[in-house]
Structure formats: C-alpha cells, structure tokens
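For reference, the structure discussed in these notes is given below.
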Amino acid sequence: MSREKDERLTSLEVLAAEQERTIQELSAEIGKAWKTIDDLTRRLDAMSLRLTGLEEATAPEIPVTRPPHW
C-alpha cells in the first residue's frame, strides 16, 4: 500500500477506536441513569403508599346520614 493509504487507514482505525470508547462511556452513563431512575421510582412508590396510609389514618370519620330532602 502507498503511504497515503496507510495514513488514511490508520486515521480510520483511530476514529473507530475513539467512537467505540465513546459508545462504551455513553452506555455506562445510561446504565447509571437507569439505576437512579429505578431507585427514585421505588422511593416514590414507597412514599406514595406511606402518604396514602397517613391520609387514611388522619381522615375524619364522615357519618353516613340521609340528606334532608329524603
């Protein structure tokens, strides 16, 4: 191969290696983000259940009576 073709091939190999590294880094970041999202989702679900329980425990008893027009 000519020197120009060798340089072009080397440049393409370097570019491919850099892109592969970037893809791996982005994949790792996406994995971290999903882990955080899953953790926050679980915490939100637990807090929602807890809040519902507190609302039910503190809600006043509403007596069941007939309206005056009955």
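The values are calculated or read from the model by the stated rules, or taken from the named source; none is laboratory data. What you are looking at is a predicted structure, and each value in this text was computed from that prediction instead of being measured. FYI the Cβ positions are ideal-geometry reconstructions off the backbone, even for glycines, and counts take in every protein chain you see. For the accessible areas, the whole protein counts, side chains as well, though only heavy atoms, and no ligand, DNA or RNA atoms are used. Shrake-Rupley method; radii C 1.70, N 1.55, O 1.52, S 1.80 Å.
Structure summary
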| quantity | calculated |
| --- | --- |
| Assigned charges on the beta-carbon of Lys, Arg, Asp, Glu; the chain dipole about Cα centre (debye) | 260 debye |
| Among (1) 10.1; (2) 5.5; (3) 6.6, the entry that matches mean projected area of the Cα convex hull in nm² as calculated here | (1) |
| Degrees separating the helix 3-58 axis from the principal Cα axis of the chain, which is the longest one | 10 degrees |
| Local net charge near Asp39, Cβ-Cβ under 14 Å (Lys/Arg +1, Asp/Glu -1) | +2 |
| Cβ crowding within 10 Å averaged over residues, with 24-32, 58-66 ranked highest first | 24-32, 58-66 |
| Whole-percent carbon and sulfur share, accessible surface of the chain, 1.4 Å | 60 percent |
| Cα lying deepest toward the dipole's positive end in the chain, options Thr36, Leu12, Thr58, charges on Cβ | Thr58 |
| Accessible area of the chain divided out per residue, in Å², using a probe of 1.4 angstrom | 103 Å² |
